[in-house]
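Worksheet: one structure, shown below.
Nothing in this text is a laboratory measurement; each read-out follows from the coordinates by a stated rule. Since this is a predicted model, take the numbers as computed values, not measurements. Virtual Cβ from ideal backbone geometry, glycine too; neighbours counted across all protein chains shown.
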Amino acid sequence: MKYQPIDKIYFCNYVLIICLSSLFLSCHQHQEKQKKVFTYNETSGITTLDPAFAKNQSVMWAVHQLYNTLVEVDSNLHIVPSLAKKWEISDDKKTYTFYLRDDVFFHDNIAFENGKGRKMNAADVVYSLQRIMDKQTASSGAWIFNNRVDSVEPFKAINDTIFQLKLLKTFQPILGILSMQYCSIVPKEVVEKFGKDFRSNPCGTGAFKFYKWQEGQALILHKNENYWEKDNAGKALPKLDAIKITFFDNKATEFLQFRQGNLSFINDIDASFKDEVLTKAGELRKEWSDKLILNKHAYLNTEYLGILMDTNNALVKKSPLKIKAVRQAINYAINRKQLMMYMRNSIGSAAESGFVPYGLPSNNAEMVKGYEYNTTKAKQLLQQAGYNKQFGTIKLLTIPVYADVVSFIAKQCEDVGIIIEVEVVKKSLLLEQTAKSEALFFRGSWIADYPDAENYLAVFYSKNPAPPNYTRYKNLAYDKLYEQAINETNDSIKFALYRAMDKIIVEDAPIVPIWYDMVIQLVNKRVKGLLPNALNLLELRRVDID
């Protein structure tokens, strides 16, 4: 082919186009860099974005960004307004009347007329709460209204801005119940259009709206430009432009991503990295102090081992765990303080009280005496129970992230003569087995849904299914105290009843409390306003990035 010289004018135009293109790309990239994107990782993944199934932390965190509830819990564990501006309670404490905001709109969605989000109203509240109770929904939160709300007309829209809830009988923690993610307000049109696929096509009134979800890869939420809430200075929220959630299932990868600046924060860190970042006293090592911010605060979560108590179950009938003295011996065999220091770098408090953790006004954890480390007492109890090796091995189920902790416990039990075999299973399998009473001995955790000790004590109320009563515990005296407490309006009397119930749980030992938890967050120094939350909800409405 004959060589053709490039025309001078053509060449100049070509260079100009290249330069302009480069300039545009550079400006575009600069603008992209200015976008405030908060990125975090979920090692356990996210199974749904439908609030009716917000039963674990990974789902609750994502749902909390997309939806609002009638009321919410502030950083001081007080119930405060959200979609409801105010509320009134009838003299008999059975009817709650909520006055709703009239400036709240659902996110845009093709299910709405012209694709534009419509105004939220009281009928949406009725629909959302009834949906939780509807057996066809099969919500994991169906239990929250069980035997609590009126059986004829529990929810009623008086008009567009007034919603009324009627109780079957007095139930003091109902406002806390309404702050749960299960009670997020959803639009009927969108739910019915997508059916089961609503899980991946969410639509709420929250500070962020759904953009894209590539399952197993990333979930992206964008700022809701029409969000109704403002900060204390009167400026529109949220301050972030987007949230990106990644799904690296390996904690080592997550930590590496954080170190490289690709994650805005990490919630808790794998045991293999704790010693690198933290001292045994749980403080940040000096070499890390100028690289990140350490957030530590107590939150309402009890880590425990659960024991199936249904004596009609074949698993229980042939197990030594049906003997109370054996269950008590396991409780005495564990050196919780040692476990906290060497396995947890002092993140949390040894659970040497009942099931209710620190931080609640009933003061259960301060006033209920539980089990301290006492191998002599453990051996005496085993001897009293006639326990010996002929009982065989007790299988203890756990998920991978807790395998080292449970192995530590198994070794301490072996030291007093109890042989425990640790079996590590997937989280989904463990949840299924505990729900179906197929797990005799299992590691569990109970994160408070609302700031009231009743939320913990309901776990052992015999009329509750699983969840929350995974141990199938039944004690008539306990049930009577529980029913008395939820009808009690005097806090002093109610708290005394709470503590009496917790003492029964300590005595009967259907669980082995291990520790009362603490949140540890490693935060990128560019992140501002990520505040502690006793319920360990990820609150991003007011977060900013430099």
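Brief remarks on what is shown
- Using the Karplus relation 6.51 cos²θ - 1.76 cosθ + 1.60 with θ = phi - 60°, the per-residue 3J(HN,Hα) values for the stretch 168-178 come to 5, 8, 4, 8, 4, x, 4, 5, x, 4, 5 Hz, with x marking Gly and Pro.
- Expected-Rg normalisation [2.2 N^0.38 Å, Cα atoms] applied to the stretch 300-518: 0.97
- About its Cα centre, the chain has a charge dipole of approximately 620 debye under the convention of +1 per Lys or Arg Cβ and -1 per Asp or Glu Cβ, with nothing else charged.
- In degrees, nearest ten, helix 8-34 long axis to first principal axis of the chain (Cα): 30
- Simple rule: put +1 on each Lys or Arg Cβ and -1 on each Asp or Glu Cβ in the chain, find the dipole, and look at Leu66, Ala281, Ile293; the Cα lying farthest toward the positive end is Ala281.
- When you restrict to C-alpha pairs under 8 Å that are six or more residues apart and normalise by the size of the stretch 208-314, the relative contact order lands at 14 percent.
- Positive-end extreme of charge dipole, the chain - chosen from Asn490, Val405, Gln181 (charges on Cβ): Val405
- Modelled this way, with points 7 Å down the Cα-to-C-beta line, the labels at Asp290 and Lys436 are 5.7 nm from one another.
- Ordering of 435-447, 452-464 by burial proxy (mean other Cβ atoms within 10 Å per residue, highest first): 452-464, 435-447
- Given their separation in residues at 0.36 nm each and the Cα-Cα distance between them, Glu507 and Ser407 gain 33.5 nm when the chain is fully extended.
- Backbone geometry of the stretch 421-428 corresponds, through the Karplus equation with coefficients 6.51, -1.76 and 1.60 at θ = phi - 60°, to 3J(HN,Hα) couplings of 9, 8, 10, 9, 10, 5, 4, 4 Hz, x marking Gly and Pro.
- Ranked Thr137, Thr471, criterion: other C-beta atoms within 10 Å, fewest first: Thr137, Thr471
- Residue exposure sequence - Leu167, Leu360 - by fewest surrounding Cβ within 10 Å: Leu167, Leu360
- For the stretch 272-406, the Cβ-based charge dipole about the Cα centre amounts to some 620 debye (Lys, Arg positive; Asp, Glu negative; other atoms uncharged).
- Charge dipole (the stretch 300-518, unit charges on Cβ, about Cα centre) - positive-most of Pro451, Ile394, Gly306: Ile394
- Per-residue ellipticity at 222 nm, computed for the chain from helices alone with -39500 (n - 2.57) per DSSP H run of at least four residues, works out to -9000 deg cm²/dmol.
- Rg to Rh quotient for the chain, alpha carbon positions, Kirkwood Rh: 1.03
- For the stretch 350-399, the equivalent ellipsoid derived from the alpha-carbon gyration tensor has semi-axes of 30, 16, 8 Å in decreasing order.
- Taken about its Cα centre, the stretch 300-518 carries a charge dipole of about 760 debye when Lys and Arg each add +1 at the Cβ and Asp and Glu each add -1 at the Cβ.
- Relative to the dominant Cα principal axis of the chain, helix 57-66 is inclined by about 40°.
- Sequence-distant residues sharing a close amide H with Asn68 (under 5 Å, placed H): Ile185, Thr205, Gly206
- Packing order of peptides 519-528, 417-426, highest average first: 519-528, 417-426 (average count of other Cβ atoms within 10 Å over each peptide's residues).
- Ranked list, fewest to most other Cβ atoms within 10 Å of each Cβ, for His78, His107: His78, His107
- Multiplying the residue separation of Gln136 and Thr375 by 0.36 nm and subtracting their alpha-carbon distance yields 81.0 nm.
- If the segment from Thr489 to Val152 were pulled out straight at 0.36 nm per residue, it would be longer than the present Cα-Cα gap by 118.9 nm.
- Relative contact order for the chain: 18 percent, from Cα pairs under 8 Å spaced at least 6 residues apart, divided by residue count.
- Over the stretch 408-519, relative contact order from alpha-carbon pairs under 8 Å, at least 6 apart, %: 16
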